[in-house]
Amino acid sequence: MPSRLINWQVQFFGREWDFMDLYHLTLFLGVPFLCLLAPFQFTWGALWVAISLYLVSGMGVTISYHRNLAHQSFKVPKWLEYSLAYCAVLSLQGSPLEWVSTHRYHHQFTEKLRDPHSPNKGFWFSHLNWLFDYHSRFGSYDGQLMKNVGDLECQLYYRFLHYTYFLHSVLLGVALYVAGGLPFVIWGMVKFHFTILFWVFITTKVQTFLHWIE
């Protein structure tokens with residue numbers, strides 16, 4: 001993402017919101033409403049597109065972001081590593097640098113104030129609000145964003161995905177429209193992304209309650 005967008009901020013609801021905060025908030029609030037169009041745009045091809053994208057992006061997050069990049073559990077050839085990371089980008093859960101940094105900080109400062117989704121900051125923050133507070137997650141680490149992902153940031157590919165992150169969903173939408181018109185866009189983008197958001201909601205719900213009852 002260009003630095004001018006990273007530094008751009010607007011104030012409302014008693015806090016400052018940057019571009020990524022508003023981007024994720026718009027997706028979280030807007031996509032479920034657009035899903036209301038899905039029954040009127042149903043085709044079997046569109047359904048299979050949605051299922052395929054869900055599986056591809058979901059496995060990308062699990063295999064690439066989580067196990068390969070964040071925890072470095074295994075190594076694969078670079079072409080496969082980069083391909084899996086790109087699949088994860090399509091899930092709209094953040095760029096590789098952002099996702100991996102958040103997860104590494106979470107394990108480094110689990111349930112402490114510097115945990116990116118610390119339960120010490122309140123139930124709703126640890127459950128959902130952290131998703132819409134970019135600088136709260138990264139701004140407290142000596143003023144440096146994502147300084148714990150130097151192993152990824154030194155690679156041009158991951159810097160490219162980070163600075164162009166939100167454009168890839170736009171390109172996916174255009175490709176789906178060319179391939180199958182509005183049904184592919186509604187089911188391949190909106191319905192698929194709603195499923196991802198629902199999965200994120202359930203995942204964070206489980207994590208939140210487990211941390212609160214410990």
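The values are calculated or read from the model by the stated rules, or taken from the named source; none is laboratory data. Keep in mind it's a predicted model, so treat the numbers as computed, not measured. In this analysis, Cβ positions are derived from the backbone assuming ideal geometry, glycine residues included, and neighbour counts consider all displayed protein chains.
Some notes on this structure:
Okay, residues lined up against (1) touching a Cys at 6+ places or on another chain (Cβ under 7 Å); (2) β-branched (Val, Ile, Thr); (3) under 23 Å from LEU176 (Cα atoms); (4) exposed (fewer than 13 other Cβ atoms within 10 Å of the Cβ):
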| position | (1), (2), (3), (4) |
| --- | --- |
| LEU34 | no, no, yes, no |
| LEU47 | no, no, yes, no |
| SER52 | no, no, yes, yes |
| VAL61 | no, yes, yes, no |
| ALA70 | no, no, no, no |
| VAL76 | no, yes, no, no |
| LEU84 | no, no, yes, no |
| VAL89 | no, yes, yes, no |
| VAL100 | no, yes, no, no |
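- Residues in the range 1-32 that are among the aromatic types (Phe, Trp, Tyr) and modelled with pLDDT under 75 were compared, and the one that is nearest to GLY181 (Cα to Cα) is TRP8.
- None of TYR163, TYR105 is more than 15 Å from HIS24 (Cβ to Cβ), among the aromatic types (Phe, Trp, Tyr) and crowded, with 17+ Cβ neighbours inside 10 Å except TYR105.
- Residue check, SER57 more than 13 Å from the chain's Cα centre (by Cα) and of a type outside the set (A, V, I, L, M): no
- Within the range 147-176, the set of residues being hydroxyl-bearing (Ser, Thr, Tyr) and modelled with pLDDT of 95 or more comprises TYR157, TYR158.
- Condition met for VAL76 (in a loop (DSSP other than H, G, I, E, B), farther than 14 Å from HIS168 by Cβ and of a type in the set (A, V, I, L, M)): yes
- Identity of the residue in the range 111-127, in a helix (DSSP H, G or I) and of a type in the set (S, T, N, Q), that ends up surrounded by the fewest Cβ atoms within 10 Å (Cβ to Cβ): ASN120
- Of all residues in the range 65-98, exactly one satisfies the criterion of being of a type in the set (S, T, N, Q) and touching an Asp or Glu at 6+ places or on another chain (Cβ under 7 Å), namely ASN68.
- Hits in the range 26-46 - residues which are in contact (Cβ under 8 Å) with a residue 24 or more places away in the chain, part of a helix (DSSP H, G or I) and polar (S, T, N, Q): GLN41
- Scanning the range 17-46 for residues that are touching a Gly at 6+ places or on another chain (Cβ under 9 Å) and hydrophobic (A, V, I, L, M, F, W, C) returns MET20, ALA46.
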